[in-house]
1. Each residue of the stretch 352-364 in order: what ³J(HN,Hα) in whole Hz does its phi give by Karplus 6.51 cos²θ - 1.76 cosθ + 1.60, θ = phi - 60°, with x for Gly and Pro?
2. For the chain, what does the accessible surface come to per residue with a 1.4 Å probe? Please give it in Å².
3. Using amide H atoms built 1.01 Å from N in the peptide plane, name the residues 5+ places from Asp118, or on other chains, whose amide H lies under 5 Å from its own.
4. Rounded, prolate or oblate, given the Cα gyration tensor of the stretch 302-429, with a/c below 1.5 counting as rounded?
5. Choose one of Pro463, Thr220, Ala405: the residue whose Cα lies farthest towards the positive end of the charge dipole of the chain (beta-carbon charges +1 Lys, Arg; -1 Asp, Glu; about the Cα centre).
6. Using alpha-carbon positions, what is the distance between the centroids of the stretch 123-172 and the stretch 406-439, in Å?
7. Which residues in the stretch 385-419 place their backbone N less than 12 Å from a point set 7 Å from the Cα of Glu365 along the Cα-to-Cβ direction?
8. Less than 11 Å Cβ to Cβ from Ala345, Lys/Arg counted +1 and Asp/Glu -1: what total charge do the surrounding residues give?
Amino acid sequence: MALSNVVAGFRNEAGIATVVGVLQQRFGDRVQTGEALRGQHAHTTTYIPAQLPDAVVFPESAEEIRTIVRACADHKVPVIPFGTGTSLEGQVNAPHGGISIDMTRMNRVLEVNAEDLDCTVQPGVTREQLNSDLRDTGLFFPIDPGANASIGGMTATRASGTNAVRYGTMRDNVIAVTAVTPSGEEIRTARRARKSSAGYDLTRLFVGSEGTLGVLTSITLRLQGIPQAISGGVCPFPTVEAACNAVIMTIQMGIPVARIELLDALQMKACNAYSNLSYPESPALFLEFHGTDAGVAEQADIFAEIAADCGGGEFEWTKDAERRTQLWKARHNAYWAALQLRPGAKGVSTDVCVPISRLAECVAETQADIAASGLVAPIVGHAGDGNFHVLVLMDTDNPAEIAAAEGFVDRLNSRALAMDGTCTGEHGIGQGKRPYLTLEMGEGVSMMRQIKRALDPDNIMNPGKVFSFDP
């Protein structure tokens, strides 16, 4: 998290100049070197400073990606894959310079196998685009990180989101990928079969690798049937602990809740103001149930009983699609709502994940830390899997505020690790959380380095991310 960890590395100036020239000859105006465009392809979503690539290339096929990577491999020039740029830990920065590969034009749905409930897409396809294309099939892709991220980026960062409690994360929903390796060869990690015992699980190796092992050229995904009925609702609670206890009981009773989101009192205040709502400004759970008409009604009734036992208020729920959309739009707008709590401030978003039995404790201690630090920092959590986000609002021109925020994030990560959790449930490591990966994984990081060194000995694939590496 500390800015001191985000430093520029060695630049292969001669190699970069040569590769830019080669690519310009091959791709013409699909290679751009203007500063404004390069700036859009560096990190811009938090306070981590942008480190610009030297050129941006817009390939239209896997063969063109192979051409780009081979040119970079020949001259030992970094390659930085780019989806939509919504990553939060500096994953798309270019600390060593190099070539950003923009996947915008790699945006075709290649195959939909409705009978098998799977599809194959190019990496530039976005989540919303995919679900729009699938609508007439009666299927949908359930992973919803909030932002309209690209499928390639979601795969690379092992994304999840509000539906993860029922449908899992990208780890559970990627069947296979094709990827261009650092040598410029394209490999396929698996077939479409739902299970396999054939060798190492290369698919899982690439899911979450953050572009450090290769460039994805296609992703095969699991799909789900669109539920017959969906209901959603909001329930206030007197304390975060009470809300978390309701979550634990819901999960332990086996209720197949699709989404169960925790918002603290400050975030509810922000959502009310931003989305013109009138919910109590107290901790709340946002829920959604998928199934049959009778099933979602039964699930909602059982949850209402659980909430009452935990001291919760009235559970307001509905099957009306318009009202439900309004409800979840308010949840998805939580980031923008939070920014209005302190106009002019920048939001530093960070996340951790702990076993759900420790969630209430971790959130309560975090709220006490926020108050003691004098920070403005609302909390939103994917409570069903113990994952929560803190958005620290700060003046990024104020060194004292930066120091306070960095100290808080350091304690937050240490707190989660002490509870046998993780320093990131879904944002990834990138540049921002590199110091905590070693604390979490110990000697496991040494094995990661060995894999990286074996597959990418010249360290051209998104260098400077996940962990330090000396070729």
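1. Couplings: 9, 9, 10, x, 4, 5, 9, 4, 4, 4, 5, 5, 4 Hz.
2. I get 41 Å² per residue for this part.
3. Asn113, Leu223
4. oblate
5. Projecting each Cα onto the dipole axis, the largest value belongs to Pro463.
6. Each part reduced to its Cα centre gives a spacing of 25 Å.
7. The answer is 411-419.
8. Result for the local shell: -1.
The values are calculated or read from the model by the stated rules, or taken from the named source; none is laboratory data. Keep in mind that this is a model prediction, so the values were computed, not measured. When we count neighbours, we look across all protein chains shown, and the Cβ atoms used for this are built from the backbone with ideal geometry, even at glycine. Ligands, DNA and RNA are excluded from the accessible area calculation, which covers all protein heavy atoms including side chains. Shrake-Rupley method; radii C 1.70, N 1.55, O 1.52, S 1.80 Å.
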